[in-house]
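Enquirer: Attaching a single structure in structure tokens format; questions to follow.
The values are calculated or read from the model by the stated rules, or taken from the named source; none is laboratory data. Please read all numbers here as calculations on a predicted model, not as lab measurements. Here the Cβ is made from the backbone with ideal geometry for all residues, glycine too, and neighbour counts use every protein chain on show.
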Amino acid sequence: MIATEVDKQLVSDLNKRIAREHLSNAEVILAPPSDVGIPPGTADRILLVKVWHHLPDRKHYAARVARALSPGGKVVVVDFKPGGRHGTGHGIAPERVLAELAAGGIDGALVPEDLPDQYVIIGTPRAPGATRPEPSRDAGREVRAGEAKPRRHPRPGRPGDTRWRPRRRRCRPRPYCSRTRRRCRCSPRMCRSSHRARLR
């Protein structure tokens, strides 16, 4: 396990703790805010907890994450939801994180987790030469296990549109007048009485 930190003092403190607790499988290195700090294709998993909203150039950082991941590797982003109890300046919308990951070559998805004011996104690097998927209407929506994504139908009038559409309602014809043998605006029940009153 390799931990990266941008503060030299924290790197020194963490290395002392690793030596004190005799953790042979842990290492702490100093990394710049714009890079992961590890060689390309060497990471099986990259975990970013409450870090993404602090990055200065998130799209560039996403490209560096995609380069550092090995084939089949995954990145996990845990961050605050905007407008939470952590105050202004903390948190970022999950839709924005997904878009920034996609711009860096990572296809991510929001997974359901029961975390207070937080969310989890898991992404995998896009294969070389693969096209970027178009954003759908349900992007950023939580898709639970076993739940089918809503099917997007073509618009009415396009080829392949098989949706049922109700017929247009026709205007109701005026009632037939038994006196004048023409269409009139009065109701059939009151037609005769109204014309009798006119003849008086």
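Enquirer: So, D13, is that one out of contact with any Leu (no Cβ under 9 Å at 6 or more places or on another chain) and loosely packed, with under 15 Cβ neighbours inside 10 Å or not? Reasoning before the result, please.
Expert: Numbers: out of contact with any Leu (no Cβ under 9 Å at 6 or more places or on another chain): yes; loosely packed, with under 15 Cβ neighbours inside 10 Å: yes.
Yes; evaluated as a whole, the condition is true for this residue.
Enquirer: Test I29 against the stated conditions and say whether it is over 25 Å from P128 (Cα atoms), of a type in the set (V, I, T) and more than 17 Å from the chain's Cα centre (by Cα).
Expert: Numbers: over 25 Å from P128 (Cα atoms): yes; of a type in the set (V, I, T): yes; more than 17 Å from the chain's Cα centre (by Cα): yes.
Taking the combined requirement at face value, the residue satisfies it.
Enquirer: Which residue out of R126, R64, R58 is at negative phi, in contact (Cβ under 8 Å) with a residue 60 or more places away in the chain and surrounded by 15 or more Cβ atoms within 10 Å (Cβ to Cβ)? So that I can check it myself, show each step before the final result.
Expert: Values: R64 fails: in contact (Cβ under 8 Å) with a residue 60 or more places away in the chain; R58 fails: in contact (Cβ under 8 Å) with a residue 60 or more places away in the chain.
Testing whether each residue is at negative phi, in contact (Cβ under 8 Å) with a residue 60 or more places away in the chain and surrounded by 15 or more Cβ atoms within 10 Å (Cβ to Cβ) leaves just R126.
Enquirer: Another one. Quick check on segment 74-84. Is at least one of its residues surrounded by 15 or more Cβ atoms within 10 Å (Cβ to Cβ) and among the small types (G, A, S)? Lay out the reasoning, then the answer.
Expert: Of all residues in segment 74-84, those surrounded by 15 or more Cβ atoms within 10 Å (Cβ to Cβ) come to 74-82.
Next cut, among the small types (G, A, S) only: none.
No, every residue in segment 74-84 fails to be surrounded by 15 or more Cβ atoms within 10 Å (Cβ to Cβ) and among the small types (G, A, S).
Enquirer: Return yes or no: is V143 of a type in the set (A, V, I, L, M), at pLDDT below 90 and within 15 Å of the chain's Cα centre (by Cα)? Walk me through how you get there before you give the answer.
Expert: Details: of a type in the set (A, V, I, L, M): yes; at pLDDT below 90: yes; within 15 Å of the chain's Cα centre (by Cα): yes.
Considered against the rule, which asks whether it is of a type in the set (A, V, I, L, M), at pLDDT below 90 and within 15 Å of the chain's Cα centre (by Cα), V143 comes out as yes.
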